[in-house]
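Asker: Dropping the structure in here first, questions after.
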Amino acid sequence: MKFAPSLATLFFCTHALAVTPGTNWEYSGETGPENWAKLTPEFNACSGKNQSPVNLDGFVEAELEPLMVSYAAGASEVVNSGHTVQVAYKPGSTLTLDGKTFQLIQFHFHMPSENQIKGQSYPLEGHLVHADEAGNLAVVALMFKEGEQNPVLAKLWDSLPAEGDTQPIPTAVNIRDMLPADLDYYRFSGSLTTPPCSEGVRWLVLKQPVVASSAQIQALTDAVGEANNRPLQPVNARVILQ
Ligand SMILES: [Zn+2]
């Protein structure tokens, strides 16, 4: 059966809640990634064949449609869930893909990157999480390399909320301003990278990285308190399109 989460489930899946209910999981130790699938039957998908993240390589040439995003200024608040730093987004920003409209719901960060590109890891990866009316998910992933201060990140917060806390975004921020000039992307079918690891997620990984300063990357890492990247998962029978 196809996984079609309710919006409530969706928010839980994508760790929007400051205090995550249900089964506890972590990025290390006994409740770490190697054991996620065994923690509860609800996390069974974590041992599936189409899991994220992956090392993007061995590409299959394809005529991928241009990335069609229509984003408005809508960043509303930032939450430190303890597993990630996540920015909630107001309705009205969309990604059009496969003839469907996906609403941008939130974006969040992994330090270091979860996906790799031809074996290369990045110090920071952003995930822009979208859902269509049926609850299908599409994630646009954005790599950051270390460099100058990122002006969009600088507008989102002066200092990050403590674990479990939420704070408003002080100014209007359009996440479109954080995307690179070149929107070429790799595409594959994957999963949520956190429990319940639900599959059937459309993944679009932008080829061109953007920059953030070492201080900005360190502040995100300090806020979460540990590396929050799930280890690479086998590609198995999937193809990665470019
Ligand atoms: Zn993520």
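The values are calculated or read from the model by the stated rules, or taken from the named source; none is laboratory data. Quick caveat: nothing in here was measured; it's all calculated off a predicted structure. Cβ placement follows ideal geometry from the backbone for every residue including glycine, while neighbour counts extend to all protein chains displayed. Quick note on the areas: whole protein, heavy atoms, side chains included, nothing else; ligands and nucleic acids left out. Shrake-Rupley method; radii C 1.70, N 1.55, O 1.52, S 1.80 Å.
Asker: Hey, Gly74 hits all of (1) away from the ligand (no atom under 16 Å from the Cβ); (2) within 16 Å of Met178 (Cα to Cα); (3) open to solvent by 10 Å² or more (accessible area, probe 1.4 Å) but one; which does it fall short on?
Answerer: Failed condition: (3).
Asker: Ala181 fails exactly one of the following numbered conditions: (1) touching a strand residue (DSSP E or B) at 6+ places or on another chain (Cβ under 9 Å); (2) open to solvent by 30 Å² or more (accessible area, probe 1.4 Å); (3) closer than 30 Å to Leu97 by Cβ; (4) assigned to a loop (DSSP other than H, G, I, E, B). What is the number of that condition?
Answerer: The number of the failed condition is (1).
Asker: Among the listed residues Leu95, Leu124, which satisfies the condition of being open to solvent by less than 20 Å² (accessible area, probe 1.4 Å) and more than 20 Å from Tyr27 (Cα to Cα)?
Answerer: When all the criteria are applied, what remains is Leu95.
Asker: Hey, which of the strands (runs of 3 or more DSSP E) in segment 88-136, taking only ones fully inside, have at least 3 residues that are away from the ligand (no atom under 12 Å from the Cβ)?
Answerer: 94-97, 100-110
Asker: Would you say Pro53 is within 20 Å of Gly200 (Cβ to Cβ) and within 16 Å of the ligand (Cβ to nearest atom)?
Answerer: Yes, satisfied.
Asker: Continuing with the same structure: Does Gln86 satisfy being in contact with a Leu (Cβ under 7 Å, 6 or more places away or on another chain) and surrounded by 18 or more Cβ atoms within 10 Å (Cβ to Cβ)?
Answerer: no
Asker: Further, regarding this structure: Test of understanding: among Asn229, Asn174, which residue is surrounded by fewer than 22 Cβ atoms within 10 Å (Cβ to Cβ) and under 14 Å from the mean Cα position of the chain (by Cα)?
Answerer: Sole residue among the options that is surrounded by fewer than 22 Cβ atoms within 10 Å (Cβ to Cβ) and under 14 Å from the mean Cα position of the chain (by Cα): Asn229.
Asker: Take Phe102 and tell me if it is in contact with a helix residue (DSSP H, G or I) (Cβ under 9 Å, 6 or more places away or on another chain) and open to solvent by less than 40 Å² (accessible area, probe 1.4 Å).
Answerer: The answer is no for Phe102.
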